[in-house]
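This report refers to the structure that appears directly beneath it.
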Amino acid sequence: MKIIVIGCGRVGAGLAQTLSQRKHQVTIVDRDPLAFEKLGNQFKVQAIPGFGFDRDVLMKAGIERADGVAAVTSSDEVNVVASQVAREFFHVPSVVARVADARQAEIYKRLGIQTIAPTTWGINRIADLLLYSPLQTVSSFGSGDVELVEVQVPLLLVGKTGRDLTLAGEIHIVSITRANKTFLPTQGTIFRAGDLLHLAVLTTSESRLKELLGY
């Protein structure tokens, strides 16, 4: 995948390095050319100097071919403007903005921009949001430690029961949508093909959930 990271501070540099390690094509944009020194020489990352909300700069970074954009500068305003440009003008499929002001985060979400609070979300989480996953995050609670995720039941679990996908204190089934009807399951509810599951999951237990789902 081709990912553009806007902002080469500690978070942006770390994100670019993480994505590069995962074998993705990464371009990073920052108005200060000296900021690129944080990247080091061991990572294959293209660096473009300039403002991350400037359309010409974004074009030079290859935004027309980008699969995802992460705006992670130290300015909420810059991040939101850059994200809107990426989403509305260039129609980038996945856009994430780093937003420090939690009061504004909900407004930005309504605009269709995924937001990340730097105090509660790490570099790896941003990378996971940018890259495709069968687990779709519907909402997060509190400080972001618990998420509500949506996933279609995999063939591996068809015929199994709710208890096969429950880990006390880590993973709980909130609801199942089946044939356009949603209901609250029990531990004995049997999964059927086509079921859409909503799960409450600790963010630290996402890897365990993926194992249970066979991903």
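The values are calculated or read from the model by the stated rules, or taken from the named source; none is laboratory data. Please read these numbers as outputs of a predicted model, since none were measured by experiment. Glycine also receives a Cβ, built like all others from the backbone with ideal geometry; neighbour counts cover every protein chain displayed.
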Next item on the list: Go through (1) within 21 Å of the chain's Cα centre (by Cα); (2) part of a helix (DSSP H, G or I) one by one and return the number of the condition Ala35 breaks.
Entry: (1)
Notebook entry, point to check: Could you count how many residues in the stretch 75-93 are in a loop (DSSP other than H, G, I, E, B) and modelled with pLDDT of 90 or more?
Noted result: 4
Notebook entry, point to check: Name the residues in the stretch 35-90 that are of a type in the set (Gly, Ala, Ser) and over 11 Å from Gly7 (Cβ atoms), would you?
Noted result: Gly40, Ala47, Gly50, Ala61, Gly62, Ala66, Gly68, Ser83, Ala86
Check: Can you name the residue in the stretch 158-176 that is surrounded by 13 or more Cβ atoms within 10 Å (Cβ to Cβ) and without any contact (Cβ under 8 Å) to a residue 24 or more places away in the chain and, of all such residues, is nearest to Leu196 (Cα to Cα)?
Finding: Ile176
Check: Quick check: is even one residue across the stretch 202-210 assigned to a strand (DSSP E or B) and farther than 19 Å from Val146 by Cα?
Finding: no
Margin query: Could you go through the stretch 54-64 and let me know if any residue there is part of a loop (DSSP other than H, G, I, E, B), surrounded by 21 or more Cβ atoms within 10 Å (Cβ to Cβ), in the same structural domain as Ala127 (by TED's automatic domain parsing) and not β-branched (Val, Ile, Thr).
Written below: yes
Check: Are any residues in the stretch 40-54 touching a helix residue (DSSP H, G or I) at 6+ places or on another chain (Cβ under 8 Å) and either modelled with pLDDT of 90 or more or of a type in the set (Phe, Trp, Tyr) (or both), and if so, which ones?
Finding: Phe43, Val45, Ala47, Ile48, Pro49, Gly50, Phe51, Gly52, Phe53
Margin query: List the strands (runs of 3 or more DSSP E) inside the stretch 94-180, counting only whole elements, that have at least 2 residues being modelled with pLDDT of 90 or more.
Written below: 146-152, 171-178
Next item on the list: Give just the number: which of (1) more than 25 Å from Phe89 (Cβ to Cβ); (2) over 22 Å from the mean Cα position of the chain (by Cα) does Phe51 not satisfy?
Entry: (1)
Next item on the list: State all residues of the stretch 70-80 that are more than 22 Å from Phe36 (Cβ to Cβ) and either in contact (Cβ under 8 Å) with a residue 60 or more places away in the chain or hydrophobic (A, V, I, L, M, F, W, C) (or both); if no residue qualifies, say none.
Entry: Val80
Notebook entry, point to check: Just one of Asp67, Asp54 is farther than 15 Å from Leu130 by Cβ and not small (Gly, Ala, Ser); which is it?
Noted result: Asp54
Next item on the list: Specify the residue that is nearest to the chain's Cα centre (by Cα); the eligible residues are those in the stretch 1-14 that are in a helix (DSSP H, G or I) and within 15 Å of Asn41 (Cα to Cα).
Entry: Gly14
